[in-house]
1. Considering each of V279, V309 in turn, give the residue that is assigned to a helix (DSSP H, G or I) and buried (at least 16 other Cβ atoms within 10 Å of the Cβ).
2. Evaluate the range 352-365: report whether one residue or more is under 30 Å from E432 (Cβ atoms), more than 16 Å from the ligand (Cβ to nearest atom) and either touching a Phe, Trp or Tyr at 6+ places or on another chain (Cβ under 8 Å) or outside any loop (DSSP other than H, G, I, E, B) (or both).
3. Could you count how many residues in the range 227-270 are part of a helix (DSSP H, G or I) and either hydroxyl-bearing (S, T, Y) or more than 16 Å from the ligand (Cβ to nearest atom) (or both)?
4. Please work out which residue is farthest from the ligand (Cβ to nearest atom), limiting yourself to the range 494-514 and to residues that are part of a strand (DSSP E or B) and surrounded by 15 or more Cβ atoms within 10 Å (Cβ to Cβ).
5. Can you tell me which condition S335 does not meet? The list is (1) within 16 Å of the ligand (Cβ to nearest atom); (2) modelled with pLDDT of 90 or more, and all the others hold.
6. Regarding the range 128-144, can at least one residue be identified that is surrounded by fewer than 13 Cβ atoms within 10 Å (Cβ to Cβ), of a type in the set (G, A, S), assigned to a loop (DSSP other than H, G, I, E, B) and without any contact (Cβ under 8 Å) to a residue 40 or more places away in the chain?
7. Can you tell me which residue within the range 216-226, out of those that are closer than 21 Å to F356 by Cα and outside any strand (DSSP E or B), is farthest from the ligand (Cβ to nearest atom)?
8. Could you grab me the full set of residues in the range 56-76 that are out of contact with any Asp or Glu (no Cβ under 9 Å at 6 or more places or on another chain), surrounded by 15 or more Cβ atoms within 10 Å (Cβ to Cβ) and at pLDDT 95 or above?
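The values are calculated or read from the model by the stated rules, or taken from the named source; none is laboratory data. For clarity, every value in this text was computed on a predicted model and none was experimentally measured. Glycine also receives a Cβ, built like all others from the backbone with ideal geometry; neighbour counts cover every protein chain displayed.
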Amino acid sequence: MESVTQSFVAVLDFGAQYGQLIARRVRDLHVYSEIVPCDISASELAKMAPSALILSGGPASVYAKDAPRVDPGIFELGLPVLGFCYGHQIMAVTLGGAVSHADKGEYGPASLERLGTSELLVSTPGEQTVWMSHRDSVSHVPEGFSVTARTETCQVAAMECAERRLYATQFHPEVRHTAYGRRILENFLFGICRLEPSWTMDSIIDQKVAQIREQVGGDRVILGLSGGVDSSVVAALMHRAVGEQLTCVFVNHGFLRKGEPELVEEVFRDQFNIPLVHVHAEERYLRLLAGVTDPEQKRSRIGTEFWKVFFEEAQRLDGVRFMAQGTIYPDIIESGARKTGGKASTIKSHHNLIPFPKGVHFDLVEPLDHFFKDEVRELGLALGLPPKMVFRQPFPGPGLAIRIIGDVTAEKLEVLRNADAVVREELDAYNERLYEQTGERNSEHSCWQYFAVLPDIKSVGVMGDERTYARPIILRAVESADAMTADWARLPYDVLARISGRIVSEVAGVNRVVYDITPKPPATIEWE
Ligand code: XMP
């Protein structure tokens, strides 16, 4: 990260399943950490001025033909280095040790026995549980190294050369199943590297505000607000940095949930006093989607139109030089920063996606581009955004339009919005009750995402003495950690009964409620 004066740990990523997790764990200990590609040269790395290095794990075998290598020069920079798993093995091989292919792999929990003294393992028990995931093992440590721990199947489970501050473990300290993983990381960061835990929300805000002011100077900035977490946090942060120079454009496509457009106005216009242009594009979007039933068509029309509306408004404002965006760190990592040799090249391709109309260009400000999602939320709270905005559930950009199966009309939107409001009210309350019982926000049975879906059918019912022919509502409620996989929530029958009862009695045009009991995979969380 540019112009950072505080401690910074670079994580060299060898394709680890847990690469992001390492950076997260370090940041949890209030030390700034960033992921860099494993093939970075020692001189490039030196320019980033890290305080310490961590070499991640990775799926390859160190002697394989295409196995990722590391520039041996990184061990000559005089920096403390800690390697995990593949990082442990590559350190051994690069510095003159050897790795051998074991007959038997070691996967899952293992009992670790400490040998001798080690600053890395200090204040952890002589025997402890660690998390292993390897087949190859270090068979000879490099000259000057000593073995500081072993397991039954792994003779070199930890090694070090304390004099050069080089440490490595075959196990994964970043994984929660390693009982003393946090302590081991603390030992490295604070005991060995002597870093300050100074990466706190207050220091982050001060530092970001200074960076934004330096970049933007006295120029005007425009920002597209969507009602989502990322753009909201950018708005609050930019406002803190440049005040009245910021104008927010809220493109209301009409597919947000009940109360959301009002919340955007209330927070940004009334509470923060940010000049806010609320573009009522609801009719325009309805015309655009008239008769469109294909989910991908809906998505692409909605996405393309956003930029059209946004730039029409942007061009009405005078003297705007910058455009702020809520790009976050996973967007950058996942768009291939690692493969293309770092941040700069990725940002370029990602920026090229913005369809600037002919003759229009803004320089970009992306103050969240090195934050993980939960850090963005924390930042939002620290900047004074309301919890219901900051802890908003994942919500697709095309909004309710992809929760209406078939074509989208104003009438269907009204039905879905009202049914969805009941679902959210009831399941917010259910999650709150679980929180009171367990003390955990994300307890085992908390619902992670929940909403209503409106299918494109009608069914027969009876209300009073009248036959009805009306719409069903599908209830979708899932437990998940990251949306990659999900399971349907085992909601208590009385909660289901209450939701169904309220929807059919409170939402005109609905006579039936069904519950989607499919996990992901094979289904997806959304219906379109
Ligand atoms: P699926 O339906 O693929 O969704 O299981 C996984 C997660 O992503 C959210 N989602 C979206 N988020 N734009 C977004 O910002 C979209 O177009 C979009 N589609 C799905 C979905 O709500 C779930 O949390």
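1. Working: V279 fails: assigned to a helix (DSSP H, G or I).
Matching residue, one of V279, V309: V309.
2. In the first step, residues of the range 352-365 are kept if they are under 30 Å from E432 (Cβ atoms); the result is none.
No - not one qualifying residue is present in the range 352-365.
3. Filtering the range 227-270 down to residues part of a helix (DSSP H, G or I) leaves 229-245, 260-270.
From the residues that got through so far, the ones that are either hydroxyl-bearing (S, T, Y) or more than 16 Å from the ligand (Cβ to nearest atom) (or both) too are 231-232, 235-245, 261-270.
Of the residues in the range 227-270, 23 are part of a helix (DSSP H, G or I) and either hydroxyl-bearing (S, T, Y) or more than 16 Å from the ligand (Cβ to nearest atom) (or both).
4. If we filter the range 494-514 for residues that are part of a strand (DSSP E or B), which is where we start, we get 510-514.
From what's left, surrounded by 15 or more Cβ atoms within 10 Å (Cβ to Cβ): 510-513.
Working: V510: 22, N511: 27, R512: 23, V513: 20 Å.
Ranking the candidates gives N511 first.
5. The one condition S335 does not meet is (2).
6. Within the range 128-144, not a single residue is surrounded by fewer than 13 Cβ atoms within 10 Å (Cβ to Cβ), of a type in the set (G, A, S), assigned to a loop (DSSP other than H, G, I, E, B) and without any contact (Cβ under 8 Å) to a residue 40 or more places away in the chain.
7. Here is the first cut: in the range 216-226, the ones closer than 21 Å to F356 by Cα are 216, 219-226.
Pick out the ones that are also outside any strand (DSSP E or B) and you get 216, 219, 226.
Details: V216: 27, D219: 29, S226: 9 Å.
That would be D219.
8. The answer is I74, F75.
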